[in-house]
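Inspection log for the structure reproduced underneath, given as structure tokens.
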Amino acid sequence: MIQDMAAVPDQVLHGLDTITGSISVVGSMNADYTVTTDRLPKPGETVNGGPLQILPGGKSANQAAAAARIGAHVQIFGAVGSDPNADFLLGQLGNAGVDISQVMTVPGPSGTTVITVDARGENTIVYSPGSNARVDLNYAHRSQKTLTAAKVLGLCLESPIETVTEAARMGHEAGMTVLLNDSPFRADLPADLIAYSDLILVNEHEMAQLLGIDEPEDGDWIGADWDRINTTMQDFGFHRAVVTLGGEGSMVLDQGENYRIHAVKVDAVDTTGCGDAFMGTILAGLSSGMTLVQAAQLASYVSAYAATGQGAQASYGSAEQIRYRFA
């Protein structure tokens, strides 16, 4: 059974006034080399593109910036390189209100991505980890006291998996709410990482691969058997999950209950980083006492706002901007 959580915009947006919680984010910071084209190239094909832009990105940095811009107290843990991109990335995070005091600098390049965006706002992304690969267990242990001082911990998989798992363990044992974004996707999540994570965020295709279930032949995920999916997710190890469905919104699976969260319709310019804006808002909401459903409803607005601008962090709005856009 699905509970349809149709929302009143003013009521959902009022949640922006309650964002005060504390968040630790462990993971990646990348310079996004972004070019726009009329359409994405096929394999072996060359297409003309617009001017190259270098924009601040990295899934973890994006999530931290999105949460901080709407009012959460966010500290990021990770590494930048010794290249010019390092100052750029840290400066952008600082401008967003993220605490960067625990970020370490290592020799070599910072993390980078190469992104192509077409006229419909769809994109392709290639990731080069650079300094993100140097976020090791020793760093996690040195950062433990500060990292576990927050209420909620946000994790993704652009850092070494052993570091992500150790951070989850430290957060879990400290009583933090640990939210795992299985992205970049891997189906073989370590058993310890599953055990230490309180909930998971995936899109519909990642969920199908993770749980080993078939996708609907007609593409209608809303009409899928969500009771069965929920049971399968719990058997896998997650009693709470958020499954994003692109233009169809998202589904919240919470302790056996299924809730449909509607998408907020906008004219998309660039969808790069929208999933990270969604994740960042979930972190902000949970850290501030919202239910998972309330956080997901607010995330629909924050991520929709991000789709109306270019890039990832560059497109994220403040609470005031988001409220004004959708009020």
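This table checks each residue for (1) over 27 Å from ALA149 (Cα atoms); (2) surrounded by 23 or more Cβ atoms within 10 Å (Cβ to Cβ).
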position: THR231; (1), (2): yes, no
position: LEU245; (1), (2): yes, no
position: ALA268; (1), (2): yes, no
position: GLY275; (1), (2): no, yes
position: THR291; (1), (2): no, no
position: LEU298; (1), (2): no, yes
position: GLN310; (1), (2): yes, no
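What pairs come out if I take residues in the range 298-327 that are closer than 20 Å to ILE115 by Cα and pair them with residues that are of a type in the set (Ser, Thr, Tyr) and part of a helix (DSSP H, G or I) whose C-beta lies under 6 Å away, six or more apart or interchain?
Close Cβ pairs satisfying both conditions: ALA306/SER315; GLY309/SER315.
Inside the range 97-143, can you point out the residues that are of a type in the set (Gly, Ala, Ser) and more than 15 Å from ASN62 (Cβ to Cβ)?
SER101, GLY108, ALA119, GLY121, SER128, GLY130, SER131, ALA133, ALA140, SER143
With respect to MET279, determine if the residue is within 22 Å of LEU16 (Cα to Cα) and either open to solvent by 10 Å² or more (accessible area, probe 1.4 Å) or assigned to a helix (DSSP H, G or I) (or both).
Considered against the rule, which asks whether it is within 22 Å of LEU16 (Cα to Cα) and either open to solvent by 10 Å² or more (accessible area, probe 1.4 Å) or assigned to a helix (DSSP H, G or I) (or both), MET279 comes out as yes.
If you go through the range 191-228 one residue at a time, how many are assigned to a helix (DSSP H, G or I) and of a type in the set (Phe, Trp, Tyr)?
Initially, the range 191-228 is screened for residues assigned to a helix (DSSP H, G or I), giving 191-196, 204-211, 226-228.
Going one step further and asking which of them are of a type in the set (Phe, Trp, Tyr), we end up with 196, 226.
Of the residues in that region, 2 qualify.
When only residues in the range 254-266 that are in contact (Cβ under 8 Å) with a residue 60 or more places away in the chain and open to solvent by 50 Å² or more (accessible area, probe 1.4 Å) count, which is nearest to the chain's Cα centre (by Cα)?
Across the range 254-266, the extreme among qualifying residues is HIS262.
Inspect the range 225-235 for any residue being modelled with pLDDT of 95 or more and either in contact with a Ser or Thr (Cβ under 9 Å, 6 or more places away or on another chain) or aliphatic (A, V, I, L, M) (or both) and give the result as yes or no.
Yes - at least one qualifying residue is present in the range 225-235.
Being of a type in the set (D, E, K, R) and in contact with an Asp or Glu (Cβ under 9 Å, 6 or more places away or on another chain) is the requirement here; does GLU215 meet it?
Considered against the rule, which asks whether it is of a type in the set (D, E, K, R) and in contact with an Asp or Glu (Cβ under 9 Å, 6 or more places away or on another chain), GLU215 comes out as yes.
What tally of residues in the range 159-187 results from selecting those that are of a type in the set (S, T, N, Q), in a helix (DSSP H, G or I) and touching a Ser or Thr at 6+ places or on another chain (Cβ under 7 Å)? It would help to see each step written out before you state the result.
At the first step, the residues of the range 159-187 found to be of a type in the set (S, T, N, Q) are 159, 163, 165, 177, 181, 183.
Applying the additional criterion that residues be in a helix (DSSP H, G or I) yields 163, 165.
Cutting the leftovers down to touching a Ser or Thr at 6+ places or on another chain (Cβ under 7 Å) gives us none.
Adding up the residues that qualify gives 0.
Look through the range 178-224, keep the residues that are among the charged types (D, E, K, R) and at pLDDT 95 or above, and return whichever of them is least open to solvent (accessible area, probe 1.4 Å).
Kept after step one, since they are among the charged types (D, E, K, R), are these residues of the range 178-224: 182, 186, 188, 192, 198, 204, 206, 214-215, 217-218, 220.
So of that shortlist, the ones also at pLDDT 95 or above come out as 182, 186, 188, 192, 198, 204, 206.
Numbers: ASP182: 0, ARG186: 72, ASP188: 98, ASP192: 86, ASP198: 58, GLU204: 25, GLU206: 28 Å².
Among residues in the range 178-224 that are among the charged types (D, E, K, R) and at pLDDT 95 or above, the one least open to solvent (accessible area, probe 1.4 Å) is ASP182.
Among VAL152, VAL164, VAL135, which is the only one that is hydrophobic (A, V, I, L, M, F, W, C), surrounded by 23 or more Cβ atoms within 10 Å (Cβ to Cβ), modelled with pLDDT of 95 or more and more than 17 Å from MET29 (Cβ to Cβ)?
Working: VAL164 fails: more than 17 Å from MET29 (Cβ to Cβ); VAL135 fails: more than 17 Å from MET29 (Cβ to Cβ).
Answer to the check: VAL152.
The values are calculated or read from the model by the stated rules, or taken from the named source; none is laboratory data. As the structure is a prediction and not an experimental result, all values here were calculated from the model. Cβ sites come from the backbone with ideal geometry, for glycine too, and all protein chains shown count toward neighbours. In case anyone asks, the SASA skips ligands and DNA or RNA and just uses the protein heavy atoms, side chains included. Shrake-Rupley method; radii C 1.70, N 1.55, O 1.52, S 1.80 Å.
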